[in-house]
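Right, one structure below, let's go through it.
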Amino acid sequence: MEAAAETAAEAGLRDSAGEVLKAVKRGLVREYLTDVSVRSGQPLEGLIERYRHFTHRLDGSITLIPGAREALEELRRGGAVHFVYTHRGDSSGPILERLGIRDCFREIVTSGRPFRPKPSGDGVRYLTEKYGLDPERTWYVGDRTLDVMCAKDAGVKAILYLPKDSCVSPTGREDLIVRDLREIGQRTELNGNTEK
């Protein structure tokens, strides 16, 4: 959100933090940057490049969502295997390493792979096929509408992380909504299943 806001500000727009957050949580950052391009007259590709610059500069400020480590560890003890599917690039692994959770994930699928972007479930389908995962027992966790759409496109179950202060609204297609990630680790029906 900060990187998108800085990109818009550099293009001469003063969108509020709330406006930027709603835009990037409800859709793709690219859609927000396309809107910035239209409103500012700046070329989209240049805005995307500046966004990437700001994003990488902010990598060190990324922190874990409260309860994330506990949920990952509890589910892993129950037999779950975890994967990451992200639009981020090669910085994903080092960020997870710095956060102390890299070893929780069998594979990290990033934007460096040739998959269509979310909401396409191509990256998730790749993981289910490669690892022989049963879609009926595979859960995808995300905090955006886009994540729910991605899970459903891939034919897996969707968990929407929706903390009380979220600007995201349920889609009605979620299989489960949680307000605290620790709830996921406490759900016995998720043991032995996959997790984003």
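The figures follow:
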{"quantity": "Two-site label geometry, residue 111 and residue 16: point separation in nm, points 7 Å out along Cα→Cβ", "calculated": "2.8"}
{"quantity": "Kirkwood Rh and Cα Rg combined as Rg over Rh, evaluated for the stretch 64-196", "calculated": "0.92"}
{"quantity": "FRET efficiency for residue 49 and residue 86, using Cβ-Cβ distance with R0 set to 25 Å, rounded to 0.05", "calculated": "0.85"}
{"quantity": "The chain: calculated mean residue ellipticity at 222 nm from DSSP helix runs of at least 4, using -39500 (n - 2.57)", "calculated": "-13000 deg cm²/dmol"}
{"quantity": "Globularity ratio of the stretch 1-140, using Cα Rg and 2.2 N^0.38 Å", "calculated": "1.18"}
{"quantity": "Cα centroid of the stretch 1-70 to Cα centroid of the stretch 116-190, whole Å", "calculated": "23"}
{"quantity": "Relative contact order %, the chain, counting alpha carbon pairs below 8 Å whose residues are six or more apart", "calculated": "22"}
{"quantity": "Residue 130/residue 31 FRET efficiency (R0 35 Å; Cβ-Cβ; nearest 0.05)", "calculated": "0.75"}
{"quantity": "Cut-off 11 Å (backbone N to label point 7 Å along Cα→Cβ of residue 40), residues of the stretch 1-27", "calculated": "4-15"}
{"quantity": "For 147, 103, 122, order by how many other beta-carbon atoms lie within 10 Å, fewest first", "calculated": "103, 122, 147"}
{"quantity": "Kirkwood Rh in Å, taken over all unlike Cα pairs in the stretch 14-73", "calculated": "13.4"}
{"quantity": "Fully extended contour minus Cα-Cα distance, from residue 57 to residue 70, at 0.36 nm per residue", "calculated": "1.9 nm"}
{"quantity": "Set 130/157; 22/130; 130/164 screened for pairs whose C-alpha atoms are more than 25 Å apart", "calculated": "22/130; 130/164"}
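Taken together, the values in this text are just the output of simple stated rules run on the coordinates, not laboratory data. Worth saying up front: this structure is predicted, and the values here are computed from it rather than measured. Note: ideal-geometry Cβ built from the backbone for every residue, glycine included; neighbour counts use all protein chains shown.
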